[in-house]
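Asks: Structure incoming, see below.
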Amino acid sequence: MIAQLWWVLLAGATLIFLFVAGLIAWAWRRPSGETDERRFVIWLGLAFPMIVLAALLAYGLIVGERLLPRATPDLVRVHAEARQWDWRFRYDDLPGLETDNVLHIPADRPVDVAITTADVVHAFWVPRLAGKLDAVPGHVNVLRIEADAPGRYEGLGSEFNGVGYRDHRFTVIAHDDAGWQAFLQGETP
Amino acid sequence: MNALRRHRALSRIWASDPGWKGWFTTVNHTDLGRMFLVVATFFFVVGGILAMLIRAQLASPRSAFLGPDHYNQIFTMHGTIMMFLFAIPFFEGLAVYLLPKMLGTRDLAFPRLTAYGFWCYVFGGSMMIFALLAGVAPDSGWFMYPPLSSTIGAPGINSDFWLIGITFVEISAISAAVEITVTVLRYRAPGMKLSQMPIFAWYALVTAVMILTGFPPLILGSILLELERAFGLPFFQVAQGGDALLWQHLFWLFGHPEVYIIFLPAAGAISTILPVMARTTLMGYGWIVAAAVSLGVLSFGLWVHHMFTTGIPHMGLAFFSAASTLVAVPTAVQIFAWIGTLWKGRPEMHLPMLWLLAFFATFVIGGLTGVMVAIVPFDWQAHDTYFIVAHLHYVLVGGFVFPMIAALYYWMPHFTGRKTYFKLGHAAFWLVVPGFHGTFLMLHWAGLLGMRRRIDSYESGQGWEAINIIASISGFVMAIGFALVVIDVVVNAVVAIRGSRDPWGAGTLDWAMPTPAAPYNFASLAHVTSRDPLYDDPKLPVRLARGEGYLGDPDRARRETLSVDIATGAPRYVVVFPGNTALPMLMSAVTGLFFLGMLLKAYWLVPISALGVIACALIWVRGLGSRVPEGALPVGRGLSLATAAEAADPPGWWGSVFLLLANGTFFGSLLFGYAFLFSIAPNWPPPAYLEPGPLPLLLVLLGAGLAFIGPRFDTLTGQGATLVGLILIAGAALPLLSGSTDPTRHAYDATVWVFVGYGLLHCVVSLLMWSVVAGRRLTGHSAQTSLGTKRIARLWSDYTLLVALLTDAAIGLPGVLT
Ligand code: HEM
Ligand SMILES: [Cu+2]
């Protein structure tokens, strides 16, 4: 959905850019003379951006709304704690287990990640699964992710956090049903 | 007296000291404006070299040119230098140089303050350069998020350089802003109504007021973070009731307006240059002023869009997302009014116009990507990637650097008095602009492919190699182009032939003088009745040189100009400016010792240099105004006016009003921070709230009463009451603090100490002001000539008692309520 959002934004932006560029170029071609101030200031300056922006904003809000976490019965809850420079994950369904730099989730089920940090500000980002969310000391932010298919997804720390920033990564492993059951039985794959 | 004799007489009065000494003692805005521009350009070159190091490192994958430690210092310093030491000072320099000329007056409102600000900039900037050369530069990114920038993440001295050096430099931003505001409002050519001001003056006014209200949150944040680092006051440490998010709010409360503080002056230059290039007048002057003002106001409601990923509630996101897209509207009004101006006239393709076209092409793209990242779900994906890096350079380079180069070429005949002769400028243009787009256009795409900003190197095989090598090569091409611009300017300044007075055929007063400008600007002041005085009367420059305007008679042998009514521009009083002096430089050097003492933890130096600053300030005010009234003096054209020394609202009073605006914003930010911690920070309430009991409250109420009523009686008793009142207010601090344990226990205690410290500082300042008033009484100043001083002191003591009352309420209430 975000990919589609991007293509819409890109197309719109390109059109507007070409339109403005055309208007400027035309200033050299047309004979100079009386120009209607209202047309430029009120119609182009005020009305045009307001209409475009209102449409865009509504679209953005709808997309944002759809991405919003919702209560569902098959929700899985995990915890992510960032530090310089690794990630530790814990699981509500498997108390006591802590995995380093690898997050296990079931595929095709919504997962809430409760994100926090042990030291500085970090951010949790799995580009192919969701947008990013910060890990702020003393606060817990919850991010909803969902993997459509089993597999490995690359995760990144995406708030600058010092000399180890480049390698502040982790892997998300999305299991199929059987794999997830096996994981819950304590068989670390 | 003929024009030449008048020129000689005025030059003798206004000239800076000859030789190298003149550099340090000049208070002339033409000199200082040029000096600001040269130093800012120097910092642009330094920032550019750092950018080239960044691009060299990122040109290929797994580069081993720079390690992460150095890389982090380099990109942090690149951002910091470009934002604080290049962009803002460059605007200050341009405004300092141009404003008095465009407004048709002889200097800025407070010439010595211009010099003081300039030297603070130079000394503070030198501290940053030193840190860079010594390899201990800040390395936490230009927005310095704690805890990374605090003792936990950065135990070394690196962050201290940023917090202390930048705060020092901000003194120059605040003083320039006070100065610009007062100048635009009160120092115009007689007759020039607000609605007849050159459009650049409107932009400068809006920018200056934005600096006054935008920088204080940053200054507060820097002070709090430095207090945390130096003394362990835990404002940003969550375990003891602080919150890292507090910094982010304070920083972006400054940081977003900052972007418009950078853009608006450029827009002012565009609005000035574009109509001249199109041989017409600006379309929609009123609309453009309204757009600039609303940009200024709106930009203070947007800071949260830099924090979309920090876990702000969804409703908040929707609100700030809507507000952020809304700023595109006044921006569009300006863009389309400019295009309408082009349509209206006959645009000609001179070099400045070429750079303005580069502005349009670049800035419009930057604006469009800006709208994209204001859409929250998109920002979640683009935040902290190269998409943002590309976006911000489209806005900053397109929206500031390109218009400023246009301005440079447009005013170059003015700066140098010479015809632009060599044509290197065109070659430079064709290197810089394509080079720029080659560097940054594709980087949007790298960001969408997941390239995070601020990484020091990357692995191959992610599809980023081609983009990065193209970006780096184009970056070097652009750098060569910028170097050519600098060479072009220098060569033209040195060797070109003398040019005519108004080469572009512009209508504003800056071209109504011989160039390069004489130190006094105008041999006599014009009476202005329209927006383009030179179009109404092409002979105006000659008539001014012949002394047909105001103040054309140099007989009083001192630096004089006129101050006017804010709205109508009717002349009000004669201002007598101070002469050349090294005091501003000395005072800023002593101020520098204060900051140096903080930086090196040589705390014995801090009180000594504070006393030094006070001593300088006392010498500073001693020279102001004459002792006995001179009465009405002839100012030419049949008019007679008294001097500022006899006015109830002298320039110093207006300066105080706007300084207090900044100061009040600072205090407001402190209250905001306190409320934020109180309601959002996780580890609240503190172990115990203060319960000061009734004593401090009584002291403050009594003191405030006395300090309020005292100044309103012009007697010795009245002034005595004021002094006692201020001392009582200060005395309330003791019982307040004695209840508190140590300020390192909890952010609450730390905040209480800051409140009390701020209040005490203002008691001291007010006491000093009133002792100046008393001193004037003793040295035989007449009632008439000390009226203004008294009103200035009253302004400060009124502010102090307001602060005292609010502080008392803020500290006392939680204890009472719980
Ligand atoms: C001369 C051409 C310039 C080039 C080639 C350039 C290049 C870059 C690059 C590659 C970065 C990203 C560094 C990283 O994230 O690792 C960057 C960051 C930045 N640049 Fe520039 N830049 C230029 C001019 C400017 C100008 C004129 C300004 C401002 C007026 C500016 C302001 C910034 C800021 C604020 C950052 C962010 C620093 C940070 O992340 O802390 N740059 N620049
Ligand atoms: Cu912003």
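The values are calculated or read from the model by the stated rules, or taken from the named source; none is laboratory data. This structure is a prediction, so every number in the text was calculated from the model and none was measured. We place every Cβ from the backbone using ideal geometry, glycine too, and count neighbours over all the protein chains shown. Heavy atoms of the whole protein, side chains included, go into the accessibility calculation; ligands, DNA and RNA do not. Shrake-Rupley method; radii C 1.70, N 1.55, O 1.52, S 1.80 Å.
Asks: Being under 25 Å from residue B:402 (Cβ atoms), within 16 Å of ligand 2 (Cβ to nearest atom) and in a helix (DSSP H, G or I) is true for just one of B:77, B:52, B:83. Which residue is that?
Replies: Selected residue: B:83, the only one of B:77, B:52, B:83 that is under 25 Å from residue B:402 (Cβ atoms), within 16 Å of ligand 2 (Cβ to nearest atom) and in a helix (DSSP H, G or I).
Asks: Ok, one more. Pick out the one residue from A:45, A:64 that is open to solvent by less than 80 Å² (accessible area, probe 1.4 Å), out of contact with any strand residue (DSSP E or B) (no Cβ under 7 Å at 6 or more places or on another chain) and either under 23 Å from residue A:133 (Cα atoms) or in the same structural domain as residue A:171 (by TED's automatic domain parsing) (or both).
Replies: Selected residue: A:64, the only one of A:45, A:64 that is open to solvent by less than 80 Å² (accessible area, probe 1.4 Å), out of contact with any strand residue (DSSP E or B) (no Cβ under 7 Å at 6 or more places or on another chain) and either under 23 Å from residue A:133 (Cα atoms) or in the same structural domain as residue A:171 (by TED's automatic domain parsing) (or both).
Asks: Does region B:65-107 hold any residues that are open to solvent by less than 10 Å² (accessible area, probe 1.4 Å) and of a type in the set (D, E, K, R), and which are they?
Replies: Result: B:92, B:101, B:106, B:107.
Asks: Would you be able to say whether some residue in region B:325-343 is in contact with a Phe, Trp or Tyr (Cβ under 8 Å, 6 or more places away or on another chain), free of Cβ contacts under 8 Å to residues at least 24 places away in the same chain and within 15 Å of ligand 2 (Cβ to nearest atom)?
Replies: no
Asks: Taking only region B:600-623 into account, find how many residues are in a helix (DSSP H, G or I) and either of a type in the set (Gly, Ala, Ser) or open to solvent by less than 60 Å² (accessible area, probe 1.4 Å) (or both).
Replies: 12
Asks: While we're on this one: Looking only at region B:339-355, count every residue that is open to solvent by 10 Å² or more (accessible area, probe 1.4 Å) and at the interface with chain A (Cβ under 10 Å from one of its Cβ atoms) and tell me the total.
Replies: Residues that pass the stated criteria total 6.
Asks: Sticking with this structure for a sec: Residues that are open to solvent by 20 Å² or more (accessible area, probe 1.4 Å) and closer than 30 Å to residue B:240 by Cα: find the helices (runs of 4 or more DSSP H) completely inside region B:700-818 holding 3 or more of those.
Replies: B:733-739, B:747-778, B:783-817
Asks: Please give the number of the condition residue A:105 fails out of (1) more than 14 Å from chain B (Cβ to nearest Cβ); (2) touching a Phe, Trp or Tyr at 6+ places or on another chain (Cβ under 7 Å).
Replies: Going through the list (1) more than 14 Å from chain B (Cβ to nearest Cβ); (2) touching a Phe, Trp or Tyr at 6+ places or on another chain (Cβ under 7 Å), residue A:105 breaks only (2).
Asks: Just to verify a result, which residue in region B:624-660, among those that are closer than 13 Å to residue B:564 by Cα and assigned to a helix (DSSP H, G or I), is most open to solvent (accessible area, probe 1.4 Å)?
Replies: Applying the filter and picking the extreme gives B:654.
Asks: Something else now. Step by step: first the residues of region B:17-37, then only those that are over 19 Å from residue B:559 (Cα atoms) and not aromatic (Phe, Trp, Tyr), then the one that is most open to solvent (accessible area, probe 1.4 Å). Which residue is that?
Replies: In this case the residue turns out to be B:21.
Asks: Is it the case, given these coordinates, that residue B:42 is assigned to a helix (DSSP H, G or I) and either away from ligand 1 (no atom under 15 Å from the Cβ) or in contact (Cβ under 8 Å) with a residue 12 or more places away in the chain (or both)?
Replies: no
Asks: Could I ask something else about it? Residue B:7 versus (1) open to solvent by 20 Å² or more (accessible area, probe 1.4 Å); (2) within 16 Å of ligand 2 (Cβ to nearest atom): which is the lone unmet condition?
Replies: (2)
Asks: For region A:15-33, enumerate the residues that are more than 8 Å from chain B (Cβ to nearest Cβ) and not small (Gly, Ala, Ser).
Replies: Result: A:15, A:18, A:19, A:29, A:31.
Asks: Same structure, new question: So, in region B:51-64, of the ones that are within 16 Å of residue A:164 (Cα to Cα) and either open to solvent by 40 Å² or more (accessible area, probe 1.4 Å) or within 9 Å of ligand 1 (Cβ to nearest atom) (or both), which residue ends up modelled with the lowest pLDDT?
Replies: If we take residues in region B:51-64 being within 16 Å of residue A:164 (Cα to Cα) and either open to solvent by 40 Å² or more (accessible area, probe 1.4 Å) or within 9 Å of ligand 1 (Cβ to nearest atom) (or both), then B:64 is modelled with the lowest pLDDT.
Asks: Okay, next question. Does region B:324-345 include one or more residues that are within 16 Å of ligand 1 (Cβ to nearest atom) and touching a His at 6+ places or on another chain (Cβ under 7 Å)?
Replies: no
Asks: Please indicate, with yes or no, whether at least one residue in region B:482-505 is surrounded by fewer than 22 Cβ atoms within 10 Å (Cβ to Cβ), among the small types (Gly, Ala, Ser) and not in a loop (DSSP other than H, G, I, E, B).
Replies: yes
Asks: Let me ask something else about it. Quick check on region B:234-242. Is at least one of its residues at pLDDT 95 or above, more than 14 Å from every other protein chain (Cβ to nearest Cβ) and either more than 16 Å from ligand 1 (Cβ to nearest atom) or in contact with a helix residue (DSSP H, G or I) (Cβ under 9 Å, 6 or more places away or on another chain) (or both)?
Replies: no
Asks: When you scan region A:98-165 for strands (runs of 3 or more DSSP E) that lie fully inside it, which ones turn up with 1 or more residues that are open to solvent by 10 Å² or more (accessible area, probe 1.4 Å) and either of a type in the set (Val, Ile, Thr) or not assigned by TED's automatic domain parsing to the domain that holds residue A:178 (or both)?
Replies: A:98-100, A:102-106, A:111-117, A:141-145
Asks: Scanning for something more than 26 Å from the chain's Cα centre (by Cα), polar (S, T, N, Q) and farther than 30 Å from residue B:420 by Cβ, does region B:307-319 turn up at least one residue?
Replies: Yes, because at least one residue in region B:307-319 is more than 26 Å from the chain's Cα centre (by Cα), polar (S, T, N, Q) and farther than 30 Å from residue B:420 by Cβ.
Asks: Within region A:79-93, is there a residue that is within 12 Å of chain B (Cβ to nearest Cβ), crowded, with 16+ Cβ neighbours inside 10 Å and at pLDDT below 90?
Replies: Yes, there is a match, as at least one residue in region A:79-93 is within 12 Å of chain B (Cβ to nearest Cβ), crowded, with 16+ Cβ neighbours inside 10 Å and at pLDDT below 90.
Asks: Residue by residue through region A:39-57, note down the ones that are within 9 Å of chain B (Cβ to nearest Cβ) and closer than 24 Å to residue B:285 by Cα.
Replies: Across region A:39-57, the qualifying residues are A:39, A:40, A:41, A:42, A:43, A:44, A:45, A:46, A:48, A:49, A:50.
Asks: Tell me which of these residue A:52 doesn't satisfy, since it passes every other one: (1) out of contact with any helix residue (DSSP H, G or I) (no Cβ under 8 Å at 6 or more places or on another chain); (2) part of a helix (DSSP H, G or I).
Replies: Condition not satisfied by residue A:52: (1).
Asks: Still on this structure, please answer the following. Would you mind stating whether residue B:447 is in contact with a helix residue (DSSP H, G or I) (Cβ under 7 Å, 6 or more places away or on another chain), in contact (Cβ under 8 Å) with a residue 12 or more places away in the chain and away from every other protein chain (no Cβ under 14 Å)?
Replies: no
Asks: Out of B:358, B:428, B:407, report the one residue that is within 14 Å of chain A (Cβ to nearest Cβ) and either free of Cβ contacts under 8 Å to residues at least 40 places away in the same chain or under 31 Å from the mean Cα position of the chain (by Cα) (or both).
Replies: B:358
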